[in-house]
Amino acid sequence: MPLAAPAALALVATASTFWLAAPRLDLRQLAAEELGDSRRLEFSSADPARINRWLRDETGLDPALPATAVKLEGARVIHRHGVPMGVVAFHAGSQDAVLLVAGAGCARAGTDHGQLIWKSRGLVFALACSDPSEPKAACLLCHASM
């Protein structure tokens, strides 16, 4: 009987760890949801440096948006499972698009470039655009042509 108590405690500790662990988020799905969300932006700007600074101040995340030919609209902050994330809204050609930025620990993503979700510099990024047949149009945020 004395050996059963430590085993039971170990089982409870393991189960509670799984129960308390925050689920990994599907950032591609979340980016698509944010694209369809018509809430107002918390910060309106077409200047990537100002958007970077605002997101850094509000969330601690720095997406390092480059100077770009797309039309930046601004940004907002969302929270999922207590995790702050930045949403950058922009237009790529005739498409509406968003870039979602979060800490790398909240979602699984590869480091392969050319994907709609990737990790870089300790952050995870996800892109979504309004035309599902041309999802890579959102890549114009950082790339001059696709």
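The values are calculated or read from the model by the stated rules, or taken from the named source; none is laboratory data. Remember, it's a predicted structure, so these values are computed and weren't measured experimentally. Neighbour counts run over all protein chains shown; Cβ positions are idealised from the backbone, glycine included.
Taking the listed residues Ser44, Ser94, the one that is of a type outside the set (Phe, Trp, Tyr), more than 14 Å from the chain's Cα centre (by Cα), at pLDDT 70 or above and surrounded by 12 or more Cβ atoms within 10 Å (Cβ to Cβ) is Ser44, with no other qualifying.
Remark: Glu42 falls outside the filter, which requires a residue to be of a type in the set (Asp, Glu), within 23 Å of Glu134 (Cβ to Cβ) and touching a strand residue (DSSP E or B) at 6+ places or on another chain (Cβ under 8 Å). Looking only at residues in segment 30-41 that are closer than 18 Å to Ile117 by Cβ and charged (D, E, K, R), the one that is surrounded by the fewest Cβ atoms within 10 Å (Cβ to Cβ) is Glu33. Within the option set Gly114, Gly110, being assigned to a loop (DSSP other than H, G, I, E, B), at positive phi, modelled with pLDDT under 80 and out of contact with any helix residue (DSSP H, G or I) (no Cβ under 6 Å at 6 or more places or on another chain) holds for one residue only, Gly114.
A quick yes/no check of all residues on (1) touching a Pro at 6+ places or on another chain (Cβ under 6 Å); (2) in a loop (DSSP other than H, G, I, E, B); (3) among the small types (Gly, Ala, Ser):
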position	(1), (2), (3)
Ala31	no, no, yes
Glu34	no, no, no
Arg40	no, yes, no
Ala46	no, yes, yes
Ile51	no, no, no
Arg56	no, no, no
Ala69	no, yes, yes
Gly86	no, no, yes
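Within segment 72-91, being touching a residue at least 24 places away in the same chain (Cβ under 8 Å) and surrounded by fewer than 20 Cβ atoms within 10 Å (Cβ to Cβ) holds for Glu73, Gly74, Val77, Ile78, Arg80, His81, Gly82, Val83, Pro84.
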